[in-house]
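Each reported figure results from applying straightforward, stated rules to the coordinates on display, with no laboratory input. Worth saying up front: this structure is predicted, and the values here are computed from it rather than measured. Here Cβ is always computed from backbone atoms with ideal geometry, including for glycine, and neighbour counts include all displayed protein chains.
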Amino acid sequence: MPIWKMPLTWAQAPAFGLFEARWVDYSIAEEAVDDFTANIAQGTPYIPVFTAQEDPANSSLISGAQTLGNTLGFLALVSLIVSGFLVINVINAIVVEQKRQIGVMKSLGATRLDSFFIYSGIAFAYGLIGVIPGVIVGIPVGNAIAHTIAPEVNTVLEGFQISPGSIFLGVLVGLLVPVLASILPVFNGTRVRILEALTDLGIDANYGTGPLARIIGILPVPITVRQGLSNVTIKKGRILFTMITLSIAVGAFIGIFAVFNSLTTGLGLFFDSFNVEVGVFPNETVDPAIVIAILEREFVNNPARDFSLESIEPGFQQQVEFEGYDPLPSAGGPPGIFAYGYQIESDTPAFNFEVTEGTALTPENAEAGIIFSSLLASNMDKGVGDRVVIQISGNERELEVVGIADFPLDQVWMDWRTLADISGYRSGAPRANEYLTEVAVEGLATAQNGTVNALGIDQQFAGFLDDSLTEGEFSASGTNGVVISEALAEAGGYAVGDRLSLSATTENGTQGEYPVVGILAVPPAMAAQMGDLPAEFIMLNLPALVELEGATGEGVVVPQGYFLTTTIDDPSAEELDDVLNDLNEAMLDNGIPSLTFNFVELVDQISVAFTTFQVIMQLVAALIAVVGALGLLTTLSMSVFERQKEIGVMRSIGAGSSTVAMQFLTEGLVVGFIAWVVGLPLGFLIQILLLSITGFDETFPVTFPIEGAILALVGVMVITTLASLLPSLSAARKTVSDILRYQ
């Protein structure tokens, strides 16, 4: 029987989990990656599961951070623009309130330019007053936000971070925006004529005329509500900026809500396709019957355990390629096409999906069948019955598309045994540079009764041996020669050119003659690793050794891992950590070191990252809404001031405080409702823009969640109500005597 040991240096070295290679030019790397992967798969004991190409000049880590920065920068720019609307309203309020003062100044000889500089200077002063606390607060807040989101973009920040460029830009924009925003209201305000300024009574002579006013007049609502609607239509230009600000806030909220609704829905669909709570991935290929027996014995209805395994499903996930299809990289989906293998006969397979076209995999079609996702089928223009060539780690096979599942990512599903067979996952299969057995050498008298160790190697390793050969050459000798150690050459009196008659010691073994093509001087490092193994040994090509032994060379296909669920009701990540500790201990006790993972913890980590981004973006939307609320407050305050005479008239004919307050409150609510209506399509556009900026538009669909629109309506009505309360109460408190004494 074969001796399954790995006595040599290359076999006893610790296993690697990752290979990284760098070429002199990225274009060369793109051309060489397939051959590089194939060489690893065919020339080493490793089977590549996933490959990724990274252009140092366009690092995905840098582009990811830039994408996030661009998104936040876009929202910050929107905030600055709407803050300009607030400045317009504030300066407009000042100009309106001081209309008489402007008229008096003009009557005393002040020019329009003088008035322009006075009120633009006020705007500049507001900007300066705002910039100082903004910088003081912005530096620590920006540092805190940077440290919060840095781990999500794989960035390490140490200490307190200050960006001088950002501070300079913030100060510059903070001073310029108020001045630029004030130009329009100051320009219009300084146009007032002396006579108009000194005779303004705050009551429009054209009030109640026009088609819109007539429509409002016949609405079946209380007169105070009609009055509020009419007042909104009178100062349409002034209310426009407030409405735009609130509309942008509503649109930003709906757009951000829709983006994350689309992302979380897509991710939820992806996560739900995994029937797993914890996973166990043996570090070495082990017969699945052995692993499943251990798991069932240790964890299924074992009274010594606090839990029981509900399902044990062999599974497989492997990056694959298809002949003739080169997918574009996607920011939102997995970095490549992944194939997922499952037990097709199981009632609780490792992966959940629904076949919408064609048929599911069955024992009859599983060996040559594959199921495509709807997105991949569309991208490759494939349908049920079409044939495709799948490529995995240098191996390929033609398969038939037997079904299509509705799924928004490029991926496929297969029987895990088919996927393992193509990938080369086998237990018991002889592997080059690892397969060590014993063979008998005719006429050799040794302590092992004429037997010596024989190692099957490949041509790649044969090339490495040539430097250590004292005689002969192995790499150019073809497939029939053998290399013998110096100890064996001395024990048997062999030389290069002699022929050895070798016999296998296995039950189905054969016999054959092999020429000696080289004599190996064992390097000291290799000798140290050989330990107590006899110094007499031979090496020959693996296929020749397998043929000599009469072995099939196939072994048993094994899954990549085992997807487990427990009887714990809605387990937390902490509870599953305890389960993983027990699993690790049991697998080690049975001599099978394994990698384990907590699927619930993975989902929680991704959810926290998404929630962090969503909260930050929604805070920006809330800031825009606050700016809009302040704009509404100033607009209604202006309206109260301008319409004091009107309020006095209402008071004089018996209007109560609640009637006056309701009129102004109605104005605010009408503005909020109109802003919500305008914000609905705006939110749709903002969602498209955000998906495009982040690169998610190719993976996640544009949606319009009704719950987001409802939340936006509730939010904007609450904000406008709060913003309208102060001016409404101010108007309600005014009496006829207060109004007559004013001026």
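The table below gives the values:
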| quantity | calculated |
| --- | --- |
| Inter-centroid distance (Cα atoms) of the range 566-590 relative to the range 120-191, Å | 50 Å |
| Vicinal HN-Hα couplings computed from phi for the range 386-401 (Karplus, 6.51 cos²θ - 1.76 cosθ + 1.60; Hz; Gly/Pro x) | 6, 10, 9, 10, 8, 10, 9, 6, x, 9, 8, 7, 8, 10, 9, 6 |
| Order of Trp676, Trp416 - criterion: other Cβ atoms within 10 Å of each residue's Cβ, fewest first | Trp676, Trp416 |
| Cα-centre dipole for the range 47-200 with unit charges at Cβ (Lys and Arg positive, Asp and Glu negative), debye to 20 | 880 debye |
| Long-range HN-HN contacts of Tyr435 with modeled amide H, under 5 Å | Gly456 |
| Rough spin-label spacing in nm, given labels placed 7 Å along Cα→Cβ, for Tyr46 and Arg100 | 8.6 nm |
| Length-normalised contact order of the chain in % [C-alpha pairs under 8 Å, at least 6 apart] | 22 percent |
| Viscosity 1.002 mPa s, temperature 20 °C, Stokes-Einstein D of the range 430-549 from Kirkwood C-alpha radius, µm²/s | 152 µm²/s |
| Burial ordering of Leu169, Leu444, fewest other beta-carbon atoms within 10 Å first | Leu169, Leu444 |
| Burial ordering of Ile616, Ile256, fewest other beta-carbon atoms within 10 Å first | Ile616, Ile256 |
| Sites Ser374 and Leu685 - FRET efficiency at Förster radius 35 Å, r taken between beta-carbons, to 0.05 | 0.85 |
| The chain - charge dipole about Cα centre, Lys and Arg +1 at Cβ, Asp and Glu -1, debye rounded to 20 | 8280 debye |
| In Hz, Karplus ³J(HN,Hα) per residue of the range 666-677 (6.51, -1.76, 1.60; θ = phi - 60°; x = Gly, Pro) | 4, 4, x, 5, 5, 4, x, 5, 4, 4, 5, 4 |
| Gln459 paired with Ser652, simple spin-label distance in nm, labels 7 Å along Cα-to-beta-carbon | 10.9 nm |
| Lysine pair count for the chain [Cα-Cα under 26 Å; pairs on different chains or 8 or more apart] | 11 |
| Amide proton proximity set for Glu471, modelled H, under 5 Å, gap of 5+ | Ile519 |
| Among Gly591, Val135, Ile294 - extreme Cα towards positive end, dipole of the chain, charges at beta-carbon | Val135 |
| Simple spin-label estimate for Thr505 and Val702 in nanometres, 7 Å along Cα-Cβ | 7.3 nm |
| Percent antiparallel among DSSP beta bridges (both partners in the range 430-549, rounded to 5) | 70 percent |
| Whole-Hz ³J(HN,Hα) from phi, Karplus 6.51 cos²θ - 1.76 cosθ + 1.60, for the range 507-516, glycine and proline x | 5, 9, x, 10, 9, x, 9, 9, x, 7 |
| 19 Å reach of a label modelled at Glu574, 7 Å along Cα-to-Cβ, counting backbone N of the range 586-622 | 598-608 |
| Full-extension gain in nm, Ala535 to Ser163, via 0.36 nm per residue minus C-alpha separation | 127.3 nm |
| Gain upon complete extension [Asp498, Val603; 0.36 nm per residue less C-alpha separation] | 31.4 nm |
| Considering only the chain, percent of DSSP beta bridges that pair antiparallel, nearest 5 | 75 percent |
| Estimated 222 nm signal from helices in the chain, with DSSP H stretches of n ≥ 4 weighted -39500 (n - 2.57), rounded to 500 | -18000 deg cm²/dmol |
| Gain in span if fully extended, Val300 to Phe74, counting 0.36 nm per residue against the direct Cα distance | 75.9 nm |
| FRET efficiency estimate (nearest 0.05) - Cβ-Cβ, Arg214 to Ile194, R0 51 angstrom | 0.90 |
| Charge context of Gly512, other residues only, Cβ under 14 angstrom, K/R +1, D/E -1 | -3 |
| Theoretical FRET efficiency, 1/(1+(r/R0)^6), r = Cβ-Cβ of Ile28 and Tyr325, R0 22 Å, to 0.05 | 0.45 |
